[in-house]
Structure formats: C-alpha cells, structure tokens
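Here, each number is a calculation from the coordinates, and none is a lab measurement. Because the structure is predicted, anything quoted here is derived from the model rather than measured. So basically every Cβ, Gly included, is an ideal-geometry build from the backbone, and we count neighbours across all protein chains shown.
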Amino acid sequence: MLTKRIIPCLDIKNGRTVKGINFVDLRDAGDPVELAEIYAREGADELVFLDISATEERRKTLANLVYHVAEKVNIPFTVGGGISSVEDVDILLQNGADKVSINSSAVKRPELIDELVAKFGSQCIVVAIDAKQIDGIWKVHLVGGKVPTEIDLFEWAKEVEERGAGEILFTSMDHDGTKGGFANEALAKLSSLINIPVIASGGAGAISHFTDTFTHGKADAALAASIFHFKEIEIKDLKEELKKEGIPIRL
Amino acid sequence: MEIVIINYGAGNIQSIKFAIQRLGYEAILSETVEEIQNADKVIFPGVGEASSAMSKLRLSGLDKIVPQLKQPVLGICLGMQLMCNSSEEGNTKGLRIFDLDVVKFPKSVKVPQIGWNEISSLKSDLFTAIPEKSHIYLVHSYYAPLGDETIAESEYALSYSAALQKDNFYGTQFHPEKSSVIGERILQNFLEL
C-alpha cells in the first residue's frame, strides 16, 4: 500500500539553513547537507529545500547545494524558491534534484508548467500554492504569501493539474505558523477536485494534526518545518504514532 | 569493476552515480557503444516521457545495442518500462526484452503514484537480504502488469510488476538510488551479481 509521506522543509539562504536548530548531533547547525542526512536517517520520506536568498549568486549557490545533498542523501528531495525558467529547472535536475517546485512564476505565466512538463515530465514538477481565505473564499497569494491575487485556489489547482503538474504543495497562510493544525477542509476539497497527489503544509503543531490531515484532509503527504527543526516532534515518534492510528506509514 | 550508466539525455542520472559512490564503487556516464558493451555492469536509467526517451535511444543507435548486451543490465523506472514490448505513453514501441505492455494506472487512484510503497513476492538474487514488504520509492503514471518475468510485486489500484528479470536483464519500477538503505542494498546486490 502506498504510504503517507512526512516531509521536513528546510529554508535555505545563501546555501545555509535559516531557522534555528537544536540538534545535539549536528556539528554545523547551518549546514543543510548535514541536517538533510539526519532527517533521512530519522525516517523522513522526502525533503523540501526552499531557497529564500535574493543575491546575484543564488543560482550557482543553490545548484552547488543540490549537488552536495544528492551526493549524501538517499531519499528524494524537492527544490523550490525563485525558479522561473526551463534553464533554472534544468540546472537543478542535472545537479541531482528529484523534483522542483514552482510558485509565483507559474501564477504569473501558467505556460511555464506546460513547458517544464514537456521537457522534464510531470513526475518532477511540483506546483506550490500559497492561499488564504478572504471573505470566506480561498485566494491564491504570491511572493511567499505576501501579495494577494483574485485567483481562486480550487480553480488554480484544477488548471495546474490540467497543465500537467505532478503534484500540488498547498500552504494555507491562515494556518501557517499557528501550530493549530492543517487546513483540512480545503485540503479534502482539493483532493476531491483533482487527481494528483496533494502535500499539506502550514499549521503542524502536534502529532494529532498529522493524523487529521491524512484522514479528514485526505492529504497524501504532510510538510512541516519548525516542529522538526526544534525537535518538538521527532519524526520517528510521529511515524510510530501514525502507524498505531492505522495510517499507512513507512517505518 | 567497470560500471556504466547509459547517458542518453533522459533524467536524473547524477543520483544513481552518487548512490553507487556511497556503496564504494565508481560509475561512469557514457553514451559510447564500445564503453557500454565492455562494462561489467550497465545501468539503464530513465525519467520523463516514453516516446521522447525512445527517440533519443534510436537516434544514438542504443535501441539496437541494449537488447544485445550480455552482462547484467539494470533498467530503472522509465528505463525498465522501455525494456518492455511497448508503452501506452506516446504509443511507444519498446526494446522487447520483457514480454509485457506498459499501460496507465486507472483513474480510481491519484496519478502519478508518488511515494513509498511495499514490494512483495520477491524472487531473484536482486533481493538477497531484502525482507518481504520492504518500502521502496516510486514516481510513475504507467506500470508493467504482472507476468512470468515479475520478480517483485507492488499494489496501487491493482497488483503490478515492481521489478522484472529475464536472463541478464533486470528492471525496477522503483528508484533504488532514492529508496534509503533498502534501495542501496538492492543496488549493491546488482553490482555484486
């Protein structure tokens, strides 16, 4: 049976992890490769690296990081942040990324999805969607959730699927950072409307939130950052608990 | 030992090279007929779309070379699918090594299948020391049905071939290079054939 995936997300700036980390066995807290290796050992099913640098050299630094992660890590990983062209994706895949995620660039120019799918195949193109509710309607937001658009989340998700994306990473800006649980109602609606996997993101604070998003939210995978970085929840404990709850999980 | 990863412009071959390195071996990427023919082990990767990958193979003449190889050959993901008779994806004729036709998953499940699934009914020395129901990582929309050459099964909407073998030809639908320690052991088994 296909298992539900647990995905730690690492924020990267200039080739280094951003958020504070208190892993005792980490020699260099800012080294994404070392952190990735630890997560892989602890049972993460996949990793996401989100690059938030804004420097001239960001492309080269990111490609270099991807190369070193691929060298060491034996689970799949996705790279996102600032990707806006076929060339960007080509460099990352060539250096060993398994998937790339695109966000604002796809909203600005949806044909980018078609171009990437034609060149690299659906299986490595993840479309990340940040959305929040405005007057009860889920609206897509850009630039890390800062800039609202008039685009409806569900309409956009359908278009993304039609254009050939392999997966959707949905972050609820209403839930992100609250540690109050995932946006399960919207997630379940997404899963009923589209037939590609959906990764839930935003709101993880407790083990029960993961159980809920896999059952009520019908999510195929769940992504979280700070609760893993700060060891509030150990991946191993989380997965054992989910297994006990009857959720298909890889231990 | 000479390990060659066939480099015909299809997919993420860097990860396979690194996985082999982690096992203490070195692999070279090559598209040269002679280098491929003289290797001790050949890995035939593939990510992307079947018909365009097959055109690339034809363009370099490798479609004629691969089925004639005598040493152990491992097709991974799309590589395995191209070793079958045909693929429904882009109505593609395959290399006809495995006597199976690759078809698309039904709409009753999410397509592509992405993630970790179990393998069972393990046969062949490719799975030495691999327990039944081990988890492996897959990303695919098309599958090879079960057949006489099936050496591992998996389930997604239906039972299908997670791995195939015919003589010196092996194929895995999953990515051993991305399947954690289980995948590394399977790769090691192949390299030690």
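What to note about this one:
- Other-chain or far-sequence residues with amide H under 5 Å of B:Phe174's (modelled H): B:Cys77
- Under Karplus coefficients 6.51, -1.76 and 1.60, residue-wise ³J(HN,Hα) of the range A:109-126 in Hz, glycine/proline x: 9, x, 4, 4, 4, 4, 4, 5, 5, 5, 7, 10, x, 4, 4, 10, 10, 9
- Counting all C-alpha pairs of the range B:73-122, share separated by more than 12 Å (%): 69
- In whole percents, the pair-distance distribution calculated for the range B:104-193 from its alpha-carbon pairs, binned every 10 Å from zero, is 17, 55, 25, 3.
- Applying D = kT/(6 pi eta Rh) to chain B, where Rh is the Kirkwood radius over alpha-carbon pairs, T corresponds to 25 °C and eta to 0.890 mPa s, the Stokes-Einstein value obtained is 151 µm²/s.
- Projected label points at B:Met1 and A:Ser85, each 7 Å from Cα along the beta carbon direction, are separated by 4.2 nanometres.
- Normalised by 2.2 N^0.38 Å, where N is the number of residues, the C-alpha radius of gyration of the range B:44-100 stands at 0.99.
- For the range B:74-87, 3J(HN,Hα) computed residue by residue from phi via the Karplus equation (6.51, -1.76, 1.60; θ = phi - 60°) reads 10, x, 10, 6, 4, x, 4, 4, 5, 7, 7, 4, 7, 10 Hz, glycine and proline entered as x.
- Percent of beta bridges antiparallel (DSSP, the range A:92-251, rounded to nearest 5): 35
- P(r) weight above 43 Å for the protein assembly as shown, C-alpha pairs, percent: 9
- Of the GluC sites (Glu not before Pro) in the range B:44-129, the ones in a loop by DSSP (not H, G, I, E or B) with at most 15 other beta carbons within 10 Å are B:Glu88.
- Annotation: amide H-H contacts under 5 Å for B:Leu100 (H modelled 1.01 Å from N, sequence separation of 5 or more, or interchain): B:Asn85, B:Ser86.
- Alpha-carbon gyration tensor eigenvalues x 5, square-rooted, for the range A:27-91, Å: 22, 13, 10
- Nearest-20 debye value, the range A:88-203 charge dipole, Cβ charges on Lys, Arg, Asp, Glu: 240
- Around the amide H of B:Thr92, modelled in the peptide plane, lie the amide H atoms of B:Ser87, all under 5 Å away and 5 or more residues distant in sequence or on another chain.
- Structural size metrics of the range A:157-197, computed from C-alpha coordinates, are Rg and Dmax of 11.3, 33 Å.
- Extension gain, A:Ile38 back to A:Asn195 (0.36 nm per residue minus Cα-Cα distance, nm): 53.3 nm
- Computed over the range A:119-251, the Cα gyration tensor eigenvalues convert (square root of 5λ each) into semi-axes of 25, 18, 13 Å, ordered from largest to smallest.
- The distance between label points at A:Thr55 and B:Gln71 comes to 4.3 nm (points 7 Å beyond Cα on the Cα→Cβ vector).
- Calculated from backbone phi, Karplus (6.51, -1.76, 1.60) coupling profile of the range A:129-137 in Hz, x at Gly/Pro: 10, 9, 9, 8, 7, 10, 6, x, 10
- Here A:Lys189 is the anchor, and the lysines within straight C-alpha reach of less than 23 Å, apart from those fewer than 8 places off in the same chain, are A:Lys4, A:Lys132, A:Lys139, A:Lys158, A:Lys179, A:Lys218, B:Lys107, B:Lys110.
- Those trypsin sites (Lys or Arg not before Pro) in the range B:41-150 that DSSP places in a loop and that have at most 14 other beta carbons within 10 Å: B:Lys70, B:Arg96, B:Lys107, B:Lys123, B:Lys133
- All C-alpha pair distances within chain A, sorted into 5 Å bins from zero, spread as 1, 6, 14, 19, 21, 18, 13, 6, 1, 0 percent across the bins.
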